[in-house]
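Presented below is the structure to which this report refers.
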Amino acid sequence: MKALRYWKMTAVVVAALLVTSCSTIRNLGKKSNKSQVEASGTVLPDTLQKDAFLQKVTDNAQSTRFITSKIKFSVEVGNRQMTLTGNLKMKRDDVIRLQLMAFGFVEAGRLEFTQDYVLIVDRINKQYLKVPYAQLEFFRHSGVDFNMLQALFWNELFQPGKARLTDKNLKKFTTDAGVDNDVIVSYESDVLSYRWLTERETGRIKMANVLYNNHLRGNYQLNWDYEEFKVSNRKMFPMKHKVAFSTPDREVKLEMMLNYLGNDEDWEPRTTLSGKYRQMPVDEILRRFMSL
(Lines give C-alpha, C1' and ligand atoms only; values in the text may rest on other atoms or scores of the structure.)
Protein backbone atom coordinates (compact mmCIF):
# COMPACT_ATOMS: atom_id res chain seq x y z
CA MET A 1 0.00 0.00 0.00
CA LYS A 2 2.83 2.41 0.79
CA ALA A 3 4.39 1.74 -2.59
CA LEU A 4 1.06 2.46 -4.25
CA ARG A 5 0.76 5.73 -2.37
CA TYR A 6 4.23 6.76 -3.51
CA TRP A 7 3.31 5.99 -7.11
CA LYS A 8 0.07 7.97 -6.85
CA MET A 9 1.84 11.04 -5.54
CA THR A 10 4.50 10.66 -8.21
CA ALA A 11 1.66 10.59 -10.74
CA VAL A 12 0.36 13.85 -9.30
CA VAL A 13 3.74 15.52 -9.81
CA VAL A 14 4.00 14.14 -13.33
CA ALA A 15 0.49 15.10 -14.38
CA ALA A 16 0.86 18.56 -12.93
CA LEU A 17 3.97 19.11 -15.00
CA LEU A 18 2.28 17.70 -18.09
CA VAL A 19 -1.19 19.16 -18.23
CA THR A 20 -1.25 22.47 -16.40
CA SER A 21 0.39 25.83 -16.33
CA CYS A 22 -0.60 27.86 -13.38
CA SER A 23 -2.01 30.68 -11.31
CA THR A 24 -0.78 33.57 -9.30
CA ILE A 25 -1.89 34.31 -5.79
CA ARG A 26 -0.62 37.85 -6.04
CA ASN A 27 -1.90 40.46 -8.48
CA LEU A 28 0.92 41.24 -10.90
CA GLY A 29 -1.23 43.38 -13.16
CA LYS A 30 0.34 46.53 -14.56
CA LYS A 31 -0.17 49.62 -12.43
CA SER A 32 0.37 52.05 -15.29
CA ASN A 33 0.82 52.15 -19.03
CA LYS A 34 4.38 53.41 -18.70
CA SER A 35 7.34 51.03 -18.75
CA GLN A 36 9.29 52.61 -15.95
CA VAL A 37 11.02 51.74 -12.70
CA GLU A 38 11.33 54.25 -9.90
CA ALA A 39 14.72 54.56 -8.22
CA SER A 40 15.15 56.45 -4.95
CA GLY A 41 12.02 58.45 -5.72
CA THR A 42 13.37 59.63 -9.07
CA VAL A 43 11.98 58.45 -12.39
CA LEU A 44 14.70 57.99 -14.98
CA PRO A 45 14.05 57.95 -18.76
CA ASP A 46 12.03 54.82 -19.50
CA THR A 47 14.30 53.15 -22.06
CA LEU A 48 17.55 53.79 -20.20
CA GLN A 49 16.06 52.70 -16.90
CA LYS A 50 14.48 49.55 -18.34
CA ASP A 51 17.57 48.41 -20.25
CA ALA A 52 19.83 48.88 -17.23
CA PHE A 53 17.48 47.03 -14.92
CA LEU A 54 16.90 44.09 -17.25
CA GLN A 55 20.65 43.74 -17.66
CA LYS A 56 20.94 43.59 -13.87
CA VAL A 57 18.35 40.79 -13.78
CA THR A 58 20.09 38.73 -16.48
CA ASP A 59 23.48 39.24 -14.82
CA ASN A 60 22.20 37.17 -11.89
CA ALA A 61 22.12 34.02 -14.05
CA GLN A 62 24.35 31.17 -12.93
CA SER A 63 27.57 30.68 -14.90
CA THR A 64 28.04 27.04 -13.89
CA ARG A 65 26.94 24.23 -16.23
CA PHE A 66 25.82 21.89 -13.43
CA ILE A 67 23.59 22.27 -10.36
CA THR A 68 22.99 19.25 -8.13
CA SER A 69 21.41 18.75 -4.73
CA LYS A 70 19.48 16.41 -2.52
CA ILE A 71 15.95 17.73 -2.09
CA LYS A 72 12.88 17.49 0.07
CA PHE A 73 9.81 17.43 -2.15
CA SER A 74 6.25 17.97 -0.96
CA VAL A 75 3.02 17.65 -2.94
CA GLU A 76 -0.44 18.93 -2.02
CA VAL A 77 -3.60 18.17 -4.02
CA GLY A 78 -6.80 19.19 -2.26
CA ASN A 79 -6.65 17.63 1.20
CA ARG A 80 -3.98 15.10 0.17
CA GLN A 81 -0.40 15.82 1.15
CA MET A 82 2.82 13.87 0.91
CA THR A 83 6.53 14.54 1.39
CA LEU A 84 9.30 12.74 -0.45
CA THR A 85 13.04 13.06 -0.57
CA GLY A 86 15.02 12.92 -3.77
CA ASN A 87 17.70 14.39 -5.97
CA LEU A 88 17.83 17.29 -8.39
CA LYS A 89 20.40 17.14 -11.19
CA MET A 90 20.64 19.75 -13.90
CA LYS A 91 23.04 20.28 -16.76
CA ARG A 92 22.75 23.59 -18.54
CA ASP A 93 21.08 23.37 -21.98
CA ASP A 94 20.90 19.57 -21.72
CA VAL A 95 18.79 18.01 -18.97
CA ILE A 96 16.71 18.56 -15.83
CA ARG A 97 16.25 15.46 -13.69
CA LEU A 98 14.16 14.91 -10.58
CA GLN A 99 14.52 11.60 -8.74
CA LEU A 100 11.82 10.92 -6.15
CA MET A 101 12.75 8.48 -3.39
CA ALA A 102 10.54 6.15 -1.35
CA PHE A 103 11.52 5.28 2.23
CA GLY A 104 14.52 7.59 1.85
CA PHE A 105 16.66 5.28 -0.27
CA VAL A 106 14.59 3.57 -3.00
CA GLU A 107 13.94 5.52 -6.20
CA ALA A 108 10.18 5.50 -6.79
CA GLY A 109 9.97 7.79 -9.79
CA ARG A 110 12.05 9.88 -12.14
CA LEU A 111 11.22 12.93 -14.25
CA GLU A 112 13.71 13.79 -16.96
CA PHE A 113 13.40 16.77 -19.29
CA THR A 114 15.74 17.14 -22.25
CA GLN A 115 15.72 19.39 -25.29
CA ASP A 116 13.85 16.71 -27.28
CA TYR A 117 11.60 14.74 -24.94
CA VAL A 118 10.00 14.23 -21.54
CA LEU A 119 10.78 10.96 -19.76
CA ILE A 120 8.74 9.73 -16.80
CA VAL A 121 9.82 6.55 -15.04
CA ASP A 122 7.72 4.59 -12.54
CA ARG A 123 10.33 2.39 -10.84
CA ILE A 124 7.82 0.63 -8.62
CA ASN A 125 5.64 -0.72 -11.42
CA LYS A 126 8.41 -0.85 -14.08
CA GLN A 127 6.63 1.57 -16.41
CA TYR A 128 7.76 4.64 -18.32
CA LEU A 129 6.54 7.37 -20.65
CA LYS A 130 8.88 8.98 -23.19
CA VAL A 131 7.39 11.51 -25.60
CA PRO A 132 8.39 14.69 -27.43
CA TYR A 133 6.90 17.92 -26.08
CA ALA A 134 4.64 18.24 -29.13
CA GLN A 135 2.70 15.13 -28.08
CA LEU A 136 1.68 16.69 -24.78
CA GLU A 137 -1.36 18.92 -25.25
CA PHE A 138 -0.46 21.74 -22.90
CA PHE A 139 3.12 22.00 -24.15
CA ARG A 140 1.93 21.93 -27.75
CA HIS A 141 -0.61 24.72 -27.36
CA SER A 142 1.20 26.94 -24.88
CA GLY A 143 4.71 26.87 -26.31
CA VAL A 144 6.27 25.53 -23.10
CA ASP A 145 9.53 23.82 -23.96
CA PHE A 146 12.79 22.75 -22.36
CA ASN A 147 14.26 26.26 -22.42
CA MET A 148 11.31 27.66 -20.48
CA LEU A 149 11.42 24.87 -17.90
CA GLN A 150 15.16 25.36 -17.51
CA ALA A 151 14.73 29.08 -16.87
CA LEU A 152 12.10 28.36 -14.19
CA PHE A 153 14.33 25.83 -12.41
CA TRP A 154 17.40 28.09 -12.75
CA ASN A 155 15.64 31.29 -11.57
CA GLU A 156 16.03 33.21 -14.85
CA LEU A 157 14.07 35.28 -17.34
CA PHE A 158 12.95 33.54 -20.54
CA GLN A 159 11.22 34.20 -23.83
CA PRO A 160 9.29 31.41 -25.61
CA GLY A 161 11.29 29.76 -28.35
CA LYS A 162 14.58 31.39 -27.32
CA ALA A 163 17.50 29.48 -25.83
CA ARG A 164 19.27 32.76 -25.00
CA LEU A 165 18.09 36.29 -24.33
CA THR A 166 19.96 38.87 -26.40
CA ASP A 167 19.75 42.65 -26.02
CA LYS A 168 17.29 42.63 -28.91
CA ASN A 169 15.07 40.08 -27.11
CA LEU A 170 15.12 42.10 -23.89
CA LYS A 171 13.71 45.17 -25.65
CA LYS A 172 10.41 43.27 -25.95
CA PHE A 173 10.10 43.11 -22.15
CA THR A 174 8.52 45.87 -20.08
CA THR A 175 9.12 46.99 -16.50
CA ASP A 176 6.76 48.60 -14.01
CA ALA A 177 7.13 49.81 -10.45
CA GLY A 178 5.66 47.37 -7.96
CA VAL A 179 5.04 47.59 -4.23
CA ASP A 180 7.59 47.14 -1.44
CA ASN A 181 10.53 48.22 -3.60
CA ASP A 182 9.85 45.54 -6.21
CA VAL A 183 9.82 45.73 -10.01
CA ILE A 184 7.45 43.80 -12.27
CA VAL A 185 9.00 42.52 -15.49
CA SER A 186 6.51 41.51 -18.19
CA TYR A 187 6.36 39.83 -21.57
CA GLU A 188 3.28 39.15 -23.68
CA SER A 189 2.70 36.55 -26.41
CA ASP A 190 -0.41 35.56 -28.35
CA VAL A 191 -1.90 33.23 -25.73
CA LEU A 192 0.39 33.60 -22.73
CA SER A 193 1.24 36.38 -20.31
CA TYR A 194 4.50 36.25 -18.35
CA ARG A 195 5.32 38.21 -15.19
CA TRP A 196 8.37 38.21 -12.95
CA LEU A 197 8.49 39.86 -9.53
CA THR A 198 12.02 41.17 -8.97
CA GLU A 199 13.98 43.12 -6.36
CA ARG A 200 14.83 46.64 -7.47
CA GLU A 201 18.22 46.81 -5.78
CA THR A 202 19.57 43.39 -6.77
CA GLY A 203 17.52 42.44 -9.84
CA ARG A 204 16.89 39.09 -8.16
CA ILE A 205 13.80 37.17 -9.38
CA LYS A 206 11.44 36.43 -6.48
CA MET A 207 8.57 34.95 -8.45
CA ALA A 208 7.61 33.91 -11.99
CA ASN A 209 4.03 33.78 -13.19
CA VAL A 210 2.63 32.34 -16.43
CA LEU A 211 -0.99 32.72 -17.46
CA TYR A 212 -2.48 30.69 -20.31
CA ASN A 213 -5.88 32.12 -21.18
CA ASN A 214 -8.08 29.58 -22.96
CA HIS A 215 -11.45 31.10 -23.81
CA LEU A 216 -13.11 27.68 -24.07
CA ARG A 217 -11.56 25.88 -21.11
CA GLY A 218 -10.70 28.73 -18.77
CA ASN A 219 -7.43 29.98 -17.32
CA TYR A 220 -4.40 27.82 -16.62
CA GLN A 221 -1.72 29.41 -14.46
CA LEU A 222 1.70 28.70 -12.98
CA ASN A 223 3.12 30.55 -10.00
CA TRP A 224 6.77 29.83 -9.09
CA ASP A 225 8.13 31.46 -5.91
CA TYR A 226 11.83 31.58 -5.03
CA GLU A 227 13.02 31.88 -1.42
CA GLU A 228 16.05 31.42 0.86
CA PHE A 229 18.81 32.43 -1.56
CA LYS A 230 22.38 31.24 -1.01
CA VAL A 231 25.64 31.88 -2.83
CA SER A 232 26.59 29.47 -5.61
CA ASN A 233 29.63 30.29 -7.74
CA ARG A 234 29.47 33.95 -6.68
CA LYS A 235 25.81 34.19 -7.69
CA MET A 236 22.70 33.85 -5.54
CA PHE A 237 20.46 30.82 -6.07
CA PRO A 238 17.11 29.99 -4.39
CA MET A 239 17.13 27.01 -2.04
CA LYS A 240 13.32 26.88 -1.80
CA HIS A 241 11.01 26.65 -4.82
CA LYS A 242 7.25 26.88 -4.22
CA VAL A 243 5.13 26.06 -7.25
CA ALA A 244 1.34 26.37 -7.59
CA PHE A 245 -0.49 25.00 -10.63
CA SER A 246 -4.14 25.82 -11.15
CA THR A 247 -6.71 24.86 -13.74
CA PRO A 248 -10.42 25.73 -13.80
CA ASP A 249 -11.16 22.75 -11.54
CA ARG A 250 -7.95 21.74 -9.77
CA GLU A 251 -4.92 23.13 -7.96
CA VAL A 252 -1.65 21.36 -7.30
CA LYS A 253 1.00 22.75 -4.97
CA LEU A 254 4.60 21.60 -5.04
CA GLU A 255 7.48 22.62 -2.82
CA MET A 256 11.11 21.73 -3.45
CA MET A 257 13.74 22.44 -0.79
CA LEU A 258 17.39 22.01 -1.74
CA ASN A 259 19.76 20.71 0.95
CA TYR A 260 22.91 22.20 -0.57
CA LEU A 261 24.25 23.59 -3.84
CA GLY A 262 26.62 21.28 -5.68
CA ASN A 263 28.14 21.20 -9.14
CA ASP A 264 28.66 17.46 -9.51
CA GLU A 265 29.51 16.46 -13.10
CA ASP A 266 29.97 12.73 -12.43
CA TRP A 267 26.59 11.42 -13.56
CA GLU A 268 25.10 10.16 -16.78
CA PRO A 269 22.76 12.82 -18.24
CA ARG A 270 20.53 10.27 -20.00
CA THR A 271 18.49 7.53 -18.35
CA THR A 272 18.75 4.03 -19.84
CA LEU A 273 16.02 1.52 -19.01
CA SER A 274 16.15 -2.26 -19.19
CA GLY A 275 13.73 -4.41 -21.18
CA LYS A 276 11.72 -5.02 -18.01
CA TYR A 277 10.04 -1.62 -18.37
CA ARG A 278 6.93 -1.19 -20.48
CA GLN A 279 5.89 1.98 -22.31
CA MET A 280 2.98 3.75 -20.64
CA PRO A 281 0.53 5.77 -22.79
CA VAL A 282 -0.17 9.42 -21.89
CA ASP A 283 -3.87 8.66 -21.36
CA GLU A 284 -3.06 6.14 -18.66
CA ILE A 285 -1.07 8.53 -16.51
CA LEU A 286 -3.75 11.19 -16.90
CA ARG A 287 -6.41 8.70 -15.80
CA ARG A 288 -4.36 7.87 -12.72
CA PHE A 289 -4.07 11.55 -11.90
CA MET A 290 -7.74 12.36 -12.40
CA SER A 291 -8.80 9.39 -10.24
CA LEU A 292 -6.88 10.61 -7.19
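Report, in whole Å, the centroid distance computed from the Cα atoms of the stretch 163-183 and the stretch 121-136.
Taking the Cα centre of each part, the stretch 163-183 and the stretch 121-136 sit 36 Å apart.
Rounded if a/c is under 1.5, else prolate if a/b beats b/c, else oblate: with a ≥ b ≥ c from the C-alpha gyration tensor eigenvalues square-rooted, which is the stretch 177-236? Don't jump to the answer; show the numbers that get you there.
Working: a/c = 2.87, a/b = 2.04, b/c = 1.41.
Judged from the Cα gyration tensor, the stretch 177-236 comes out prolate (a/c at least 1.5, a/b above b/c).
Rounded, prolate or oblate: which fits the stretch 133-292 when a ≥ b ≥ c are the square roots of the eigenvalues of the alpha-carbon gyration tensor, with rounded for a/c under 1.5 and prolate only if a/b beats b/c? It would help to have the intermediate numbers written out before the result.
Details: a/c = 1.71, a/b = 1.23, b/c = 1.39.
The shape class here is oblate.
Does the stretch 231-289 come out rounded, prolate or oblate, given a ≥ b ≥ c as the square roots of the eigenvalues of its C-alpha gyration tensor, rounded meaning a/c under 1.5 and, failing that, prolate meaning a/b above b/c?
On the way: a/c = 4.04, a/b = 1.24, b/c = 3.27.
Because a/c hits 1.5 or more and a/b fails to exceed b/c, the stretch 231-289 counts as oblate.
Could you go through the stretch 211-222 in sequence order and give the Karplus-derived ³J(HN,Hα) for each residue, using 6.51 cos²θ - 1.76 cosθ + 1.60 with θ = phi - 60°, rounded to whole Hz, and x for Gly and Pro?
10, 10, 9, 9, 5, 8, 9, x, 8, 10, 9, 10
Would you mind calculating the gained length between residue 202 and residue 189 on full extension (0.36 nm times residue separation, minus the Cα-Cα distance), in nm to one decimal?
Numbers: separation 13, 0.36 × 13 = 4.68 nm, distance 2.68 nm.
The span from residue 202 to residue 189 would gain 2.0 nm if fully extended.
What pairs from 56/206; 91/162; 171/240; 50/168 go past 22 Å between their alpha carbons? List each step's numbers first, then the result.
Details: 56/206 14 Å; 91/162 18 Å; 171/240 30 Å; 50/168 13 Å.
Long pairs (Cα-Cα over 22 Å): 171/240.
Give the accessible surface of the stretch 78-178 per residue, rounded to a whole number of Å², with probe radius 1.4 Å and ligands, DNA and RNA excluded. Walk me through the numbers before you get to the answer.
Numbers: 4040 Å² over 101 residues.
Computed with neighbouring chains in place, this is 40 Å² per residue.
Expressed in nm to one decimal, what extension gain is obtained for the pair residue 234 and residue 270 from 0.36 nm per residue of sequence separation less their Cα-Cα distance?
Numbers: separation 36, 0.36 × 36 = 12.96 nm, distance 2.86 nm.
Going from the current span to full extension adds 10.1 nm.
In straight Cα distance, which aspartates and glutamates are under 13 Å from residue 253, not counting same-chain residues fewer than 8 positions off?
76, 225
Which ³J(HN,Hα) values, rounded to whole Hz and listed in residue order, are derived for the stretch 163-177 from phi using the Karplus coefficients 6.51, -1.76 and 1.60 in 6.51 cos²θ - 1.76 cosθ + 1.60 with θ = phi - 60°, glycine and proline given as x?
Values per residue, Gly and Pro as x: 7, 9, 9, 8, 4, 5, 5, 5, 5, 7, 8, 10, 10, 9, 5 Hz.
How far, in nm, would the chain grow between residue 279 and residue 227 when pulled straight, counting 0.36 nm per residue and subtracting the alpha carbon separation? Could you put the intermediate results ahead of the total?
Values: separation 52, 0.36 × 52 = 18.72 nm, distance 3.72 nm.
Length difference between fully extended and current span is 15.0 nm.
Loop only by DSSP, 12 or fewer other Cβ within 10 Å of the Cβ. Give me the chymotrypsin sites (Phe, Trp or Tyr not before Pro) in the stretch 62-103 that pass, ordered by residue number.
Values: sites: 66, 73, 103; in loops: 103.
Sites meeting the loop and neighbour criteria: 103.
State the Cα centre-to-centre distance between the stretch 202-233 and the stretch 54-120 in whole Å.
Between the Cα centres of the stretch 202-233 and the stretch 54-120 lies a distance of 16 Å.
The values are calculated or read from the model by the stated rules, or taken from the named source; none is laboratory data. The shown structure was predicted, so the numbers you read here are calculated from the model rather than taken from an experiment. Cβ atoms come from the backbone with ideal geometry, glycine included; neighbour counts cover every protein chain shown. Ligands, DNA and RNA are stripped out before the accessible areas are found, and what is left, the full protein with its side chains, is counted by its heavy atoms. Shrake-Rupley method; radii C 1.70, N 1.55, O 1.52, S 1.80 Å.
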